[in-house]
Amino acid sequence: MQSWFSDPVSKTANHISCVLKEEQLKDVGLIVLVGGFAESPCVKQRTQKSVPKIQPIFHGEVCLAVLNGAVMFGHKSDIILSRFIN
């Protein structure tokens with residue numbers, strides 16, 4: 001089972017690490033991971049290893065966090081000032 005997730009987990013962790021090296025993100029002190037993929041122990045461990053100086057936060061109900069965000073965005077779409085999509 002872990003071998004199925006190895007490549008996507010590595011790509012996710014590497015992407016997080018690369019993005020956080022950008023100058024405008026140099027002061028980031030924590031990241032929040034949400035969604036079903038964030039529940040995986042593999043994702044948690046790899047994220048913590050790839051960005052050891054930044055505290056990753058894993059919401060207890062990762063899927064509910066996504067749902068809550070979608071509901072908040074639906075009620076007040078200007079709540080998000082900017083989004084980064086690569």
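The single condition from (1) touching a strand residue (DSSP E or B) at 6+ places or on another chain (Cβ under 8 Å); (2) surrounded by fewer than 14 Cβ atoms within 10 Å (Cβ to Cβ); (3) at pLDDT 85 or above that Gln48 fails is (2). Suppose the filter is in contact (Cβ under 8 Å) with a residue 12 or more places away in the chain, over 22 Å from Gly69 (Cα atoms) and touching a helix residue (DSSP H, G or I) at 6+ places or on another chain (Cβ under 8 Å); does Val51 pass it? Answer is yes for this residue. Only a single criterion out of (1) touching a Lys or Arg at 6+ places or on another chain (Cβ under 9 Å); (2) in a helix (DSSP H, G or I); (3) modelled with pLDDT under 85 is not satisfied by Pro56, namely (2). The single residue among Lys44, Lys21 that is under 11 Å from the mean Cα position of the chain (by Cα) and either on the phi < 0 side of the Ramachandran plot or part of a helix (DSSP H, G or I) (or both) turns out to be Lys44.
Summed over region 24-38, the residues that are closer than 25 Å to Leu64 by Cβ and in a helix (DSSP H, G or I) give a count of 3.
Could you tell me how many of the residues in region 58-77 are surrounded by fewer than 11 Cβ atoms within 10 Å (Cβ to Cβ) and either charged (D, E, K, R) or closer than 13 Å to Val32 by Cα (or both)? Walk me through how you get there before you give the answer.
Of the residues in region 58-77, the ones surrounded by fewer than 11 Cβ atoms within 10 Å (Cβ to Cβ) are 60, 70-71, 74-77.
Next cut, either charged (D, E, K, R) or closer than 13 Å to Val32 by Cα (or both) only: 60, 76.
Here the count works out to 2.
The values are calculated or read from the model by the stated rules, or taken from the named source; none is laboratory data. Nothing here was measured: the structure is a model prediction, and the numbers come from that model. Glycine gets a Cβ as well: all are built from the backbone with ideal geometry, and neighbour counts include every protein chain shown.
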